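Data first, discussion second: the structure below is written as structure tokens.
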Amino acid sequence: MKIFQTLKDIFAPKTEEKEKTSAAGETPGKAAEGARAEKLPAQEGQKSAKAMNYAELINGLISNAGYRNYKPVGIEEAACPSCGKELDSFPVRKMQCPSCGADIFVRTRASDKRKVLLTGDQLEEFERQRTLDSGMYDTKMKNLAERMEKYSDHGGWVFLSVLDEKDTPEYAEYHGMVIKSRSGEEKKALGLLIRPDSRARTKTWFNNPEQDTSPDEYEAQRKEWFDSRKK
């Protein structure tokens with residue numbers, strides 16, 4: 001009995017420690033993992049707050065610019081959008097007005113799926129409105145806000161213009177420029193990116209000459225574009 005009691009006393013602390021571990025439901029290693037896991041929601045919350053700030057900034061710029069406030073272009077009646085003369089029937093494809101000879105374009109609005117008649121001058125505005133109505137614009141702006149959040153980890157990003165015959169000087173001047181995150185210059189650059197017809201892009205800035213395109217190369221590209229406009 002004494003021998004049995006001695007053995008019991010020797011193993012009792014280990015058994016008790018095991019019972020404590022089992023009661024807690026985790027080993028010290030698992031407890032540490034749990035502590036790290038508990039910190040993740042807070043970190044994710046901080047990132048979400050940053051993203052929300054950029055989303056709010058971009059939505060504010062869009063609201064101030066009035067891009068979502070517009071009068072739909074086109075007419076729904078069977079009449080020439082140029083001279084107003086009634087047509088025998090609603091056209092199903094492009095035609096010329098029998099009265100004034102102007103081109104009549106047929107398109108379907110994304111907002112209400114109605115077919116409308118347009119003049120040639122209205123086509124560009126119609127495409128801009130269709131981008132807004134289709135949801136593509138909202139998706140594009142959501143992606144832009146998310147990119148701005150990622151760029152903020154690097155402290156900035158690079159503005160890239162298309163530099164073709166359709167580009168404009170205000171876009172070309174920003175081509176290759178490093179835009180510092182949350183700066184006044186960034187608001188101006190975002191003002192160009194949020195335009196429904198904007199074709200400009202963004203690029204990661206690494207702040208490392210070995211990874212970033214040389215500023216001299218961007219300068220040469222800008223100079224070539226501006227020189228081409230003088231010809």
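The values are calculated or read from the model by the stated rules, or taken from the named source; none is laboratory data. Keep in mind it's a predicted model, so treat the numbers as computed, not measured. Cβ sites come from the backbone with ideal geometry, for glycine too, and all protein chains shown count toward neighbours. Keep in mind that these areas ignore ligands, DNA and RNA; they rest on the heavy atoms of the full protein, side chains included. Shrake-Rupley method; radii C 1.70, N 1.55, O 1.52, S 1.80 Å.
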| message | Anything in the stretch 153-163 that is touching a strand residue (DSSP E or B) at 6+ places or on another chain (Cβ under 7 Å) and buried (at least 17 other Cβ atoms within 10 Å of the Cβ)? List them, or say none. | response | 156, 157, 158, 159, 160
| note | Taking the stretch 169-213 and the residues there that are part of a loop (DSSP other than H, G, I, E, B) and among the hydrophobic types (A, V, I, L, M, F, W, C), the one that is least open to solvent (accessible area, probe 1.4 Å) would be 194
| message | So in the stretch 30-84, with the set limited to residues that are polar (S, T, N, Q) and within 30 Å of residue 116 (Cβ to Cβ), which one is modelled with the lowest pLDDT? | response | 69
| field | Number of positions in the stretch 103-120 that are assigned to a strand (DSSP E or B) and open to solvent by 70 Å² or more (accessible area, probe 1.4 Å) | value | 2
| Matching option when the condition is among the basic types (Lys, Arg), over 19 Å from the mean Cα position of the chain (by Cα), open to solvent by 60 Å² or more (accessible area, probe 1.4 Å) and over 18 Å from residue 71 (Cβ atoms), among 166, 150, 142 | 166
| Counting only residues that are closer than 17 Å to residue 166 by Cβ and either part of a loop (DSSP other than H, G, I, E, B) or charged (D, E, K, R) (or both), how many does the stretch 216-226 have? | 2
| note | Contact list, first residue from the stretch 79-102 and farther than 18 Å from residue 121 by Cβ, second anywhere and of a type in the set (Asp, Glu) and not in a strand (DSSP E or B), beta-carbon distance below 9 Å, six or more apart or interchain, is 86/77; 87/77; 90/76; 90/77; 98/88
| Does residue 98 meet the test of being in a loop (DSSP other than H, G, I, E, B), touching a helix residue (DSSP H, G or I) at 6+ places or on another chain (Cβ under 8 Å) and either open to solvent by 60 Å² or more (accessible area, probe 1.4 Å) or under 30 Å from residue 194 (Cβ atoms) (or both)? | no
| query | Residues 135, 84: which one is of a type in the set (Gly, Ala, Ser) and open to solvent by 40 Å² or more (accessible area, probe 1.4 Å)? | reply | 84
